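Each remark here refers to the structure printed beneath this line.
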Amino acid sequence: MGKVMRQYNEFYIKLQKEFKPAHNMTIETMPAKFSNKYYVEKFIYMFPDKISRLRIERNYWYSKRIIRLPAKQNMIQ
């Protein structure tokens, strides 16, 4: 495994740990039945700072060619 891939894996593990409390807080505010779209909208509303960081990191790792953007890029734009 290359150096950049190890850096990405380390970043990804830290990101998961950072987002877990935010995810749990968002889930607690959701109604009994909710859609994925509603969850994403609520998460973006509650944590705009995390979304902006996620955009920055996505663009950084995409430039390193570690991740590839999907054909439809309207997930986090």
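The values are calculated or read from the model by the stated rules, or taken from the named source; none is laboratory data. Fair warning: this is a prediction, and the values are worked out from it, not measured in the lab. Please note that ligands, DNA and RNA were not included when accessible areas were found on the heavy atoms of the full protein model with its side chains. Shrake-Rupley method; radii C 1.70, N 1.55, O 1.52, S 1.80 Å.
Rounded, prolate or oblate for segment 1-46? Axes are the square roots of the Cα gyration tensor eigenvalues, ordered a ≥ b ≥ c, and the cut-off for rounded is a/c under 1.5. Provide the component values of the computation, followed by the final result.
Working: a/c = 3.73, a/b = 2.88, b/c = 1.29.
Prolate, because a/c is 1.5 or more and a/b exceeds b/c.
Round to a whole number: what % of the accessible area of segment 1-64 belongs to carbon and sulfur, probe 1.4 Å? Write out the running numbers ahead of the final one.
Details: 2910 of 4940 Å².
With neighbouring chains kept in place, the figure for segment 1-64 is 59 percent.
Structure note, pairs Lys20/Lys42; Lys14/Lys42; Lys33/Lys64; Lys3/Lys42: Cα-Cα distances above 27 angstrom occur for Lys33/Lys64; Lys3/Lys42.
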